[in-house]
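Worksheet for the structure shown next.
The values are calculated or read from the model by the stated rules, or taken from the named source; none is laboratory data. Keep in mind it's a predicted model, so treat the numbers as computed, not measured. Using ideal geometry, Cβ is built from the backbone for each residue, glycine included, and neighbour counts are taken over all protein chains shown.
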């Protein structure tokens, strides 16, 4: 009965057009009424106490770092560097999009911010060079969703805070899966462009390559500082977010000299607005999360999935299928806040490593950003390129399937996640 109340109240509120944050509050109240513990003080207390966590400070700082990097010229120099290195290859601009996405992902951890930056720079170039615009947009969108899997992922910060998992371990565990996603996209892009003779750029001269490397080296140092600092215990993930902001501010203002007071103010405003929306949803989720725990909803779900609890691989396949289907309707943040309190205890009970489960969860959640009909990242690319959402949704399918294959590989071979994590965190 509790499961029915949870689903009906949450989905019903969202079907009425209610914002996700308010739908989560309604869901929590409905579950309280069902178990007979309705109390306004519980609602307020959970919202306030839930956010009273030092880890959550990382979210606004990483968002601010992403805004400062885009405004300060770091993102543009990363793209120019990759252009100089591989832009002359057959289908070179596609590889530029993938590699630039990897580097930008290791700077900001935001799929939307990275995709917006790359779309604005590369989509016009790819269109002018003769590439199919819809396929190019699909590749950029699929490359953009690597960001939540690579450190410093904002999704890992939220998942670690809500699920009580080491964020440092999540960061380290995401490196190899993120690289596998990028490799899968490169293979598909190579296959689709193996007979294409258009779009080749002139090979950059040695002088141009050196200039691009020297110009981009400051931006390339940031992921090394963040990952190296956490690897050697110099700072925590939250402190890494502050370091990213300070570094981006310094490089953008004093090295590249593209950050002025107006751009800094605009970056702070945009980051504050985005953070307020995200954190209100997080606060609202703590109400339903508390009720999920109080009503013992994970155990009820475990009872329903009893035949699969001693078969972790089958259970993970069910979870992946569920995440992909739900991800077609729900956005990234609500997926974490709604499903982690239910699914993580289930995974632990089945003997699945929580860090491994978290990586697969975030990867499937990220793939949901490029699935029809919501596809937040797809909408960003379509807006930047003034393209049809339906056409780009079709063009992204080969890349989406490639990333799904990576997720399935992780399901059948958990050591692809656990072995690198153990090596990097020991």
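Considering only residues that are closer than 19 Å to residue 136 by Cα and within 15 Å of the chain's Cα centre (by Cα), which ones fall in the range 99-116?
So in the range 99-116, the residues closer than 19 Å to residue 136 by Cα come out as 99-105, 111-116.
Passing the criteria: 101, 102, 103, 104, 105, 111, 112, 113, 114, 115, 116.
Tell me the helices (runs of 4 or more DSSP H) entirely within the range 1-95 that contain at least 1 residues that are within 22 Å of the chain's Cα centre (by Cα), under 30 Å from residue 189 (Cβ atoms) and touching a residue at least 60 places away in the same chain (Cβ under 8 Å). Spell out how you get there, then give the answer.
Numbers: elements: 2-15, 20-35, 40-51, 58-71, 74-86.
Correct list: 58-71, 74-86.
When you look at residue 405, is it modelled with pLDDT of 95 or more and in a helix (DSSP H, G or I), yes or no?
Working: modelled with pLDDT of 95 or more: yes; in a helix (DSSP H, G or I): yes.
Yes; evaluated as a whole, the condition is true for this residue.
Do we have residue 281 as more than 26 Å from residue 217 (Cβ to Cβ), buried (at least 17 other Cβ atoms within 10 Å of the Cβ) and touching a residue at least 40 places away in the same chain (Cβ under 8 Å) here?
Working: more than 26 Å from residue 217 (Cβ to Cβ): yes; buried (at least 17 other Cβ atoms within 10 Å of the Cβ): yes; touching a residue at least 40 places away in the same chain (Cβ under 8 Å): yes.
Judged against the criteria, residue 281 is a match.
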